[in-house]
1. Please name which of Thr87, Ser112, Met158 has its Cα lying farthest along the dipole of the chain towards the positive end, using unit charges on Cβ (Lys, Arg +1; Asp, Glu -1) and the Cα centre as origin.
2. Quick check on the chain: of the DSSP beta bridges with both residues there, what percent are antiparallel, nearest 5%?
3. Nearest 10 degrees is fine. How inclined is helix 176-194 to the longest principal axis of the chain, computing both from alpha carbons?
4. For Ala63, enumerate residues with amide H under 5 Å from its amide H, sequence gap 5+ or separate chain, H modeled in the peptide plane.
5. How large is ³J(HN,Hα), in whole Hz, for each residue of segment 144-153 in order, when computed from phi with the Karplus curve 6.51 cos²θ - 1.76 cosθ + 1.60 and θ = phi - 60°, using x for Gly and Pro?
6. Going by alpha carbons, how many degrees (0 to 90, nearest 10) lie between the helix axis of 5-30 and the longest principal axis of the chain?
7. So if each residue of separation counts as 0.36 nm, and I subtract the Cα-Cα distance between Ile3 and Thr30, what length gain in nm does that give?
8. Using only the Cα atoms of segment 77-156, each taken as one equal point scatterer with no solvent, compute I(q) by the Debye sum, divide by I(0), and report log10 of the ratio at q = 0.14, 0.17, 0.20, 0.25 Å⁻¹.
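What follows draws every value from the coordinates through simple rules; no lab data is involved. Fair warning: this is a prediction, and the values are worked out from it, not measured in the lab. As a convention, Cβ positions derive from the backbone with ideal geometry for all residues, glycine included, and neighbour counts pool all protein chains shown.
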Amino acid sequence: MNIHTYEKVWLVAAMVLIVGFIGTIAYGSTGVGIAMISDDEETIDPNALDEDERFADPRVEEAGENQYNVYVVAYQYGFDPGSEHITEPIVVPENSEVTFYVTSEDVIHSFSLVGTNVNTMVVPGEVSTMTAEFDEPAEYGILCNEYCGSGHHSMEGMLYVVPEDEFDIDDQDDESEADRDEADQNAEESAGEDE
Ligand code: CUA
C-alpha cells in the first residue's frame, strides 16, 4: 500500500500530539502534587470553630525564621483576618514564607489573592492550605470568587507585605470577634433603615 508522504507526516504529527496530551495529563495529575480532598484528611466542625486552637482566634502566627502561619475564617461576608473594613487586614513581612489555613464557618467561599496563584475554594468542614513566598513589600487584594449569597460582591480583603523593620507580630489586633459583632450590628441597622 502506498501512503502519500503528506499523509504520513500528518499521521506522525497526530500521534505525537496524542502522546503529548496523554503525557501532560499524566504529569498534571501525578507530578505536581495537586490532590483532591480525600476522606482520610482531617475535617473540622464548622459550628465549633471557637473550640479549634487555630480558628478560635484567627491570626498571623510566627512559625519559624521568616515563616508564618495565617489562620483565616471566611464567613458571610468577609475574611477574618483580611477584611480591613470589618476586622483587620492580613499583614506579613517581606522575605517570608507564609502558609494560609482557611476554613469557612457557613457556606462555600473562596480565598484568592489577586495577581498571584493563591486561589482556593473554602469549604465548611475542610481546611484549605496553601504556601506562598513574599519577597518584596506589596499589597494584594483578597477576593471571594464563589457566589456565597447577597453580599458576595462585598466579600473582600487586603494582604499587606511590609518591610521587615515595620513588621511587629504583637501589633496584630485580637479583638476581631468584637469588631465583627459590631459590623454585623451596623449592617443590620442599615438594613433596617432601608425598609
Ligand atoms: Cu464569599 Cu462569595
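1. It is Ser112, whose Cα lies furthest towards the positive end.
2. 70 percent
3. Value to nearest ten degrees: 90.
4. When sequence neighbours closer than 5 places are left aside, the close amide H contacts are Tyr68, Asn69.
5. 9, 10, 10, 4, 10, x, 5, x, 3, 5
6. Once rounded, the angle reads 30 degrees.
7. Length gained, Ile3 through Thr30: 5.9 nm.
8. The Debye formula, applied to the Cα set alone, gives -0.44, -0.65, -0.91, -1.37.
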